[in-house]
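Engineer: One structure is given below, represented as structure tokens, and several questions about it will come after.
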Amino acid sequence: MHAIVITEPGSPNVLSWTEVPDPFPSSGEVLVDIAASAVNRADINQRLGSYPPPKGAPEYPGLECSGRIAALGPGTETSGWSVGDEVCVLLSGGGYAERVAVPVGQLLPVPRGVSLVEAAALPEVACTVWSNVFMVGALRSDETLLVHGGGSGIGTFAIQLAHAHGARVVTTAGSEEKLERCRELGADVTINYRDEDFAARVKEETGGNGADVILDIMGGSYLDTNVRSLAVNGRLVIIGLMGGRSAELDLGRMLVKRLSVHATTLRARPVEEKARIVSEVTEHVWPLVEKGTIRPIVDRTMELANASEAHRVMESSAHVGKIVLTR
Ligand SMILES: NC(=O)c1ccc[n+]([C@@H]2O[C@H](COP(=O)([O-])OP(=O)(O)OC[C@H]3O[C@@H](n4cnc5c(N)ncnc54)[C@H](OP(=O)(O)O)[C@@H]3O)[C@@H](O)[C@H]2O)c1
């Protein structure tokens with residue numbers, strides 16, 4: 001088969017569409033013929049050499065895909081899946097390829113009403129947002145969620161899912177155009193982080209209380225401001241380190257307000273945990289997608305073999321939602 005190979009750590013030019021050995025499903029795995037994949041920020045970090053795949057994962061980038069089951073590996077014959085089924089898949093790597101072998105617990109059905117290509121844009125954002133905002137952050141419908149980077153793949157999904165659950169959604173982004181898209185997706189309050197102090201605005205919009213849950217992609221550079229933006233019993237869930245990996249934490253403020261800070265990554269979780277998340281997403285999130293309450297937000301579709309250009313687009317942050325790669 002062909003896959004995108006990272007020839008050496010570096011610029012998008014190091015991504016090369018190359019002939020590589022075919023994958024085979026081991027015990028508990030199925031083989032998927034990939035129709036489409038999608039780009040995630042993590043793929044850029046992998047390309048740069050700072051986010052290697054976990055042990056046992058395919059070496060090629062790509063954390064999600066859609067396609068058709070090509071073969072069932074040992075032990076998956078009674079899983080309920082059959083050769084030819086259309087699926088979308090949460091991966092630990094290997095989505096930028098023609099085929100991938102994946103643990104059977106990481107397959108999701110393609111939601112009714114969603115095309116096979118659009119379905120590639122769903123697994124990573126749905127599993128990340130569900131596991132962090134709802135399983136870790138325990139957001140309730142009478143609470144306020146602050147989502148940083150509302151125009152991102154993650155942000156566009158988080159806004160829709162929290163809004164669908166009845167929560168109030170506050171979001172940040174760096175342009176009026178992105179903020180407008182966030183409002184269309186259900187954000188109640190939008191803040192341009194380039195010219196507003198988001199902590200002050202969150203306080204103002206919540207009657208001085210602050211946000212109950214924050215989904216953060218910045219890490220170090222936002223830690224103090226995030227902690228200041230939380231309500232009593234607030235939960236900060238950090239999933240990205242775009243603003244660095246370390247910063248000072250005001251424990252006094254945390255004690256007084258009974259705050260918690262979580263940091264998680266989906267990719268490194270054990271297979272059983274991923275299967276549990278996938279199963280919860282299928283049960284709780286897919287019905288909302290099938291009703292059209294939540295839509296895959298696809299900024300553009302590009303050729304998989306031209307992944308280097310897709311990485312340039314993501315690095316420019318010109319996109320809103322997901323960049324999908326097709327064969
Ligand atoms: N831990 C996990 O399991 C997990 C899983 C998936 C994704 N993630 C993380 O989630 C983040 C988003 O991923 P993605 O694939 O959705 O990336 P993406 O689409 O490229 O989004 C990144 C966004 O960050 C925004 N941004 C940049 N600086 C900002 C700032 N100071 N304040 C607020 N927003 C800012 C950018 O747009 P503007 O600046 O134009 O607003 C852009 O929309 C990444 O950090 C990724 O690593 C983590």
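What follows is calculated from the coordinates using simple rules that are stated; it is not laboratory data. For clarity, every value in this text was computed on a predicted model and none was experimentally measured. Glycine gets a Cβ as well: all are built from the backbone with ideal geometry, and neighbour counts include every protein chain shown.
Engineer: In debye to the nearest 20, how big a dipole does the chain give about its Cα centre with +1 on each Lys and Arg Cβ and -1 on each Asp and Glu Cβ?
Structural biologist: 560 debye
Engineer: Which whole-number percent is the relative contact order of region 110-266 (Cα, under 8 Å, 6+ apart)?
Structural biologist: 18 percent
Engineer: Relative to the longest principal axis of the C-alpha atoms of the chain, give the angle of the C-alpha long axis of helix 307-316, reported between 0 and 90° and rounded to the nearest 10°.
Structural biologist: Its long axis makes an angle of about 0 degrees.
Engineer: Helix 176-185 sits at what angle to the longest principal axis of the chain, using alpha carbons and giving 0 to 90 degrees rounded to 10?
Structural biologist: Around 80 degrees separate the two axes.
Engineer: Take every Cα pair under 8 Å in the chain that's 6+ residues apart, average their separations, divide by the length, and report that relative contact order as a whole percent.
Structural biologist: Relative contact order here is 19 percent.
Engineer: Using amide H atoms built 1.01 Å from N in the peptide plane, name the residues 5+ places from His262, or on other chains, whose amide H lies under 5 Å from its own.
Structural biologist: HN-HN under 5 Å from His262: Leu236, Val237, Ile238.
Engineer: In whole Hz and in residue order, list the ³J(HN,Hα) couplings for region 228-241 that follow from phi through the Karplus curve 6.51 cos²θ - 1.76 cosθ + 1.60, θ = phi - 60°; x for Gly and Pro.
Structural biologist: Going residue by residue, I get 5, 8, 8, 7, 4, 6, x, 10, 9, 10, 9, 10, x, 10 Hz, with x marking Gly and Pro.
Engineer: Over all directions, the average projected area of the alpha-carbon convex hull for region 128-263 comes to how many nm²?
Structural biologist: If I average the Cα hull's projected area over directions, I get 7.1 nm².
Engineer: Each residue of region 47-62 in turn: what ³J(HN,Hα) in whole Hz from Karplus with 6.51, -1.76, 1.60 and θ = phi - 60°, glycine and Pro shown as x?
Structural biologist: The phi angles translate into 4, 7, x, 9, 9, x, x, x, 3, x, 7, x, 7, 7, x, x Hz.
Engineer: I'd like the orientation of helix 271-284 relative to the chain: the angle between its Cα long axis and the longest Cα principal axis, in ° from 0 to 90, rounded to 10.
Structural biologist: Roughly 70 degrees between the two axes.
Engineer: With +1 on the Cβ of every Lys and Arg and -1 on the Cβ of every Asp and Glu, and nothing else charged, how large is the dipole of region 128-263 about its Cα centre, in debye rounded to the nearest 20?
Structural biologist: 400 debye
Engineer: Still on this structure, I have one more. Could you tell me which of the pairs Lys178/Lys274; Lys291/Lys322; Lys55/Lys274; Lys203/Lys257; Lys55/Lys322; Lys274/Lys322 are separated by over 24 angstrom between their Cα atoms in the structure shown?
Structural biologist: The answer is Lys178/Lys274; Lys55/Lys322.
Engineer: Identify the GluC sites (Glu not before Pro) of region 151-252 meeting these criteria: DSSP loop state and at most 13 other C-beta atoms within 10 Å of the C-beta.
Structural biologist: Glu196, Glu248
Engineer: How would you rank 6-15, 153-162, highest first, on the average number of other Cβ atoms within 10 Å across their residues?
Structural biologist: Ranked from most to least packed, the peptides come out as 153-162, 6-15.
Engineer: Based on alpha-carbon centroids, what's the gap between region 64-138 and region 270-327 in Å, whole number please?
Structural biologist: So the two Cα centres are separated by 11 Å.
Engineer: Follow-up question, since we're still on this one. Can you tell me which of 267-274, 121-128 comes out highest on packing, and rank the rest after it, using the mean Cβ neighbours within 10 Å?
Structural biologist: In descending order of packing, they fall as 121-128, 267-274.
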